[in-house]
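Undergrad: Sharing a structure, written as structure tokens. Questions coming.
All of the numbers you see were taken from the coordinates with simple rules; none came from a lab. Everything numeric here is computed off the predicted structure, so don't read it as measured data. All Cβ positions, even for glycine, are placed from backbone atoms using ideal geometry, and neighbour counts span all protein chains on display.
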Amino acid sequence: MANRLLLQTLLKFSDQIKSGAAKVQDVITDYFNTTGKSVTDEERSIILKEFQDNAPSNVEPIDFGQNIKGIYDKAQGPGAGDAMVEALKSPGAKKSKEIMEEMLGVTLRGDETFGELMEMKNALKTKEADKGLGSLYPKGKPGEIFDIQNDKRMEVAEFIKAMRAAGIKNEDVMNVARNPDIAEGKRAATSLARAADMAADSKVKQELLANLDEDIAINGPRFFQEEYMGFDSMGNLLENLTTTVNNGIYDDLLQRGVPEEKVDEVFTYIARIRDNVKYDPKSLVRKIAEDLEMEDIKYDTTFWDNYLDEILTRIQKPAPRFADGGLV
């Protein structure tokens, strides 16, 4: 027997179902938004029966060719769906419903909406992502000394150990290890290891680090020691670093869920003393850390010290080999 909330939902959509304005997915979506639950198979049957009995032309069959077109366009880009639909028209081609069933691994009723099909597709992707690495890198045949599968499995196992030893979070380790392109995974792991080394444990920090690493990769010492990283003077550069740190910590705190009122309270005071440390970003970090601690806000400033140390080291000109005409 249908539950009361489902009956209420169907009653709400009664006129729209009779006029043809409502679709099956409209009812399912409204039910989900109201209850926070997906419909069961029994509830779905009740909804479909309501449409069959009361909709002007009953439940209109789904054009599976068009659904495949939409899915392929989303997955592979515009045009991919048209090519698939044309392929389905060729002699001896499977019916598009059969292909959709093979793709999703389920038996379809034949009246699913496009939204329902996309939900099934997303559920399939989630299920595949949850599979263990063993399914991605299966063992080779027993007794085989030289076996590509075993070699790849061992390489991935060693790669995982190395990532964990580098301090990369387990979630990131597993995501990287799932990439079938091991070379690409190792490049991603290099970035993750760099972030771990610098204590860049948030989006704000990682974006700043990525920009710095890009500057390091494409520019030589002159960029840092003589061109002041694109600023007019050393003073302008230091003042900019102070602003970057101030705004970065502010944004990072908000993204971590610290109430905006508490963050504003700290930084309103910091704004009053900013001029005293505008050429000394390291002092600003210490001052912010002290104030956050006073407000009982737990926040690790290790990254900001590491980030500033990296830049301040690079903008220092090396001491001359000879000084005052004599040997050093």
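Undergrad: Using each residue's phi in region 159-175, evaluate 6.51 cos²θ - 1.76 cosθ + 1.60 at θ = phi - 60° and report the 3J(HN,Hα) Karplus result to the nearest Hz, with x for Gly and Pro.
TA: Ordered by residue, 3J(HN,Hα) equals 4, 4, 4, 5, 5, 5, 5, 7, x, 6, 4, 4, 4, 5, 4, 5, 5 Hz.
Undergrad: Here are some pairs, K169/K298; K161/K205; K12/K203; K37/K161; which of them have Cα atoms lying more than 32 Å apart in this structure?
TA: K12/K203; K37/K161
Undergrad: First check a/c for region 169-274, with a ≥ b ≥ c the square roots of the eigenvalues of its C-alpha gyration tensor; if it is under 1.5, answer rounded, and if not, answer prolate when a/b is larger than b/c or oblate otherwise.
TA: Oblate, because a/c is 1.5 or more while a/b does not exceed b/c.
Undergrad: Oh, and also: Are there trypsin sites (Lys or Arg not before Pro) in region 1-51 that DSSP marks as loop and that have at most 12 other Cβ atoms within 10 Å, and which are they?
TA: Values: sites: R4, K12, K18, K23, K37, R44, K49; in loops: K23, K37.
Answer in residue order: K37.
Undergrad: When the Karplus curve 6.51 cos²θ - 1.76 cosθ + 1.60 is applied with θ = phi - 60°, which whole-Hz ³J(HN,Hα) does each residue of region 252-262 get, with x for Gly and Pro?
TA: 5, 4, 5, 5, 7, x, 5, x, 4, 5, 5
Undergrad: For region 4-54, taking Cα atoms only, what is the radius of gyration to one decimal and the Dmax to the nearest whole Å?
TA: 9.9, 27
Undergrad: While we're on this one: Spelling out what I want: for every residue of region 17-28, take phi, set θ = phi - 60°, compute 6.51 cos²θ - 1.76 cosθ + 1.60 (Karplus), and round to whole Hz; glycine and proline get x.
TA: Result, rounded to whole Hz: 5, 5, 7, x, 6, 9, 10, 4, 5, 4, 5, 4.
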